[in-house]
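Working notes for the structure below.
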């Protein structure tokens, strides 16, 4: 069965203002979940229980991926929570490399409590600060339709190429979470999209279903594989499905474009 949006997915909105309000509430719930997950992860790392910590890191990273469309409004806090070492002078050893991917790197490069506990302390603090600032953050109405396409665009560019991978190999899992994030935005905008082009959300949903099927076919015994071990015969359907979904999603921003955009 194809994956569907999470149980906390907001209902379709009748106006863009309603969509933005519902999305903000959704993000708040996700940040609360993320804070709890990072506390659990912190406890495991503190006890030097690194194998369960790797699973807990993945759960936390997937929650962040599912937030999806809000990444553009989080500013420095968002970067601190999900930064990457590329472009940093010291690479993975740079003090500016923080957050979830820094934890991923440590857990898959032989680091333990001494190196990772300070990272997790900062991460948890940043999540709490971001949650407290959420009511002050503004999402432009034009951002929601744009992100409906960009979430998967970024997944293709960063996840499926391995650019984001810091040792876990969980690029396919992260892509599946990005599909869930896309579904959240699509559901919120479905009434508005279908008002512009009747039945278009069903077309997009079918493309996302196909992508989920292709992603899930890469699993072994129900578990996400290291993307580096997946044969070409299973990678090609994923690449084809995400390409088709992106072609269909590319029309959504144009439906809401104005002369002021």
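The values are calculated or read from the model by the stated rules, or taken from the named source; none is laboratory data. Bear in mind the structure is a predicted one, so any value in this text is a computation, not a measurement. Here the Cβ positions follow ideal geometry from the backbone for every residue, glycine too, while neighbour counts run over all protein chains shown.
Take the conditions within 24 Å of residue 257 (Cα to Cα), at pLDDT 95 or above and surrounded by 19 or more Cβ atoms within 10 Å (Cβ to Cβ) and apply them to residue 165. Does it pass?
For residue 165, the condition - within 24 Å of residue 257 (Cα to Cα), at pLDDT 95 or above and surrounded by 19 or more Cβ atoms within 10 Å (Cβ to Cβ) - is not met.
Please go through the stretch 21-32 and pick out each residue that is touching a residue at least 12 places away in the same chain (Cβ under 8 Å) and surrounded by fewer than 19 Cβ atoms within 10 Å (Cβ to Cβ).
Taking the stretch 21-32 first, the residues touching a residue at least 12 places away in the same chain (Cβ under 8 Å) are 22-32.
Answer for the stretch 21-32, where residues must be touching a residue at least 12 places away in the same chain (Cβ under 8 Å) and surrounded by fewer than 19 Cβ atoms within 10 Å (Cβ to Cβ): 22, 24, 25, 28, 29, 32.
Can you tell me which residue within the stretch 198-219, out of those that are over 18 Å from residue 244 (Cα atoms) and touching a helix residue (DSSP H, G or I) at 6+ places or on another chain (Cβ under 9 Å), is surrounded by the fewest Cβ atoms within 10 Å (Cβ to Cβ)?
Of the residues in the stretch 198-219, the ones over 18 Å from residue 244 (Cα atoms) are 198, 218-219.
Checking which are touching a helix residue (DSSP H, G or I) at 6+ places or on another chain (Cβ under 9 Å) leaves us with 218-219.
Numbers: 218: 20, 219: 15.
Within the stretch 198-219, the match that is surrounded by the fewest Cβ atoms within 10 Å (Cβ to Cβ) is 219.
Specify which of the listed residues (22, 44) is more than 30 Å from residue 111 (Cα to Cα), assigned to a helix (DSSP H, G or I) and more than 16 Å from the chain's Cα centre (by Cα). Step through it out loud before you land on a result.
Numbers: 44 fails: more than 30 Å from residue 111 (Cα to Cα).
After applying the criteria, what remains is 22.
Quickly run through the stretch 236-261 and pick out the residues that are touching a residue at least 40 places away in the same chain (Cβ under 8 Å) and in a helix (DSSP H, G or I).
Matches in the stretch 236-261: 238, 239, 242, 243, 245, 246, 248, 249, 251, 252, 253, 255.
Can you tell me which residue in the stretch 151-182 is farthest from residue 107 (Cα to Cα), limited to those that are free of Cβ contacts under 8 Å to residues at least 12 places away in the same chain and not in a loop (DSSP other than H, G, I, E, B)? If you could, list the steps in order and put the result at the bottom.
Step one: filter the stretch 151-182 for residues free of Cβ contacts under 8 Å to residues at least 12 places away in the same chain, giving 157-158, 161.
Retained after the next criterion (residues that are not in a loop (DSSP other than H, G, I, E, B)): 157-158.
Working: 157: 24, 158: 20 Å.
Taking the candidates together, the pick is 157.
Return the only residue of 240, 222, 195 being surrounded by fewer than 21 Cβ atoms within 10 Å (Cβ to Cβ) and either in contact with a strand residue (DSSP E or B) (Cβ under 8 Å, 6 or more places away or on another chain) or closer than 28 Å to residue 17 by Cα (or both).
When all the criteria are applied, what remains is 195.
If I ask for residues that are part of a helix (DSSP H, G or I), surrounded by fewer than 20 Cβ atoms within 10 Å (Cβ to Cβ) and in contact with a helix residue (DSSP H, G or I) (Cβ under 8 Å, 6 or more places away or on another chain), which ones from the stretch 92-134 would you list? Break it down stepwise before answering.
Step one: filter the stretch 92-134 for residues part of a helix (DSSP H, G or I), giving 92-93, 100-107, 113-134.
Within this subset, residues satisfying the condition of being surrounded by fewer than 20 Cβ atoms within 10 Å (Cβ to Cβ) are 92-93, 113-115, 117-118, 121-122, 124-125, 128-129, 131-134.
Hits for the stretch 92-134 are 92, 113, 115, 117, 121, 122, 124, 128, 129, 131, 133, 134.
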